[in-house]
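For reference, the structure discussed in these notes is given below.
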Amino acid sequence: MHSKGDFTRDPFIISSQEKSVLALPIVRQGILEGIIYMNNNLATGVFTEERAEMLTALSAQMAIH
């Protein structure tokens with residue numbers, strides 16, 4: 001999974017020199033409740049499509065309370 005967006009210009013990400021970043025929203029009834037944020041500063045491409053799908057399912061479960 002490789003996508004570049006607004007995060008590539010984020011000062012924290014630039015200063016910490018992250019190689020891989022994955023950020024997924026936790027949304028409940030259309031309202032952002034939180035974010036799953038994972039980073040890796042050792043290797044690129046560690047957040048594969050399969051891992052993103054698993055974490056997307058997890059974020060959906062987290063939104064249920």
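The values are calculated or read from the model by the stated rules, or taken from the named source; none is laboratory data. Bear in mind the structure is a predicted one, so any value in this text is a computation, not a measurement. What goes into the accessible areas is simple: the full protein's heavy atoms, side chains included, and nothing from ligands, DNA or RNA. Shrake-Rupley method; radii C 1.70, N 1.55, O 1.52, S 1.80 Å.
A few points about this structure:
- Fraction of alpha-carbon pairs over 16 Å apart in the chain - percent: 50 percent
- Taking the helices alone, the chain has a mean residue ellipticity at 222 nm of -9000 deg cm²/dmol, built from -39,500 (n - 2.57) per DSSP H run of at least 4 residues and averaged over all its residues.
- Tilt relative to the chain, helix 49-62 - C-alpha long axis, 0 to 90 degrees, to 10: 40 degrees
- Additional length obtainable on full extension of the chain from Glu49 to Val27, 0.36 nm per residue less Cα span: 5.9 nm
- Most to least accessible of Phe47, Phe12 (protein chains only, probe 1.4 Å): Phe12, Phe47
- Rolling a 1.4 Å probe over the heavy atoms of the protein chains gives the chain an accessible area of 77 Å² per residue.
- Near the amide H of Val27, within less than 5 Å, lie the amide hydrogens of Glu33, all on another chain or at least 5 residues away, with H placed in the peptide plane.
- Subtracting the Cα-Cα distance of Lys19 and Ala63 from their residue separation scaled by 0.36 nm leaves 13.0 nm.
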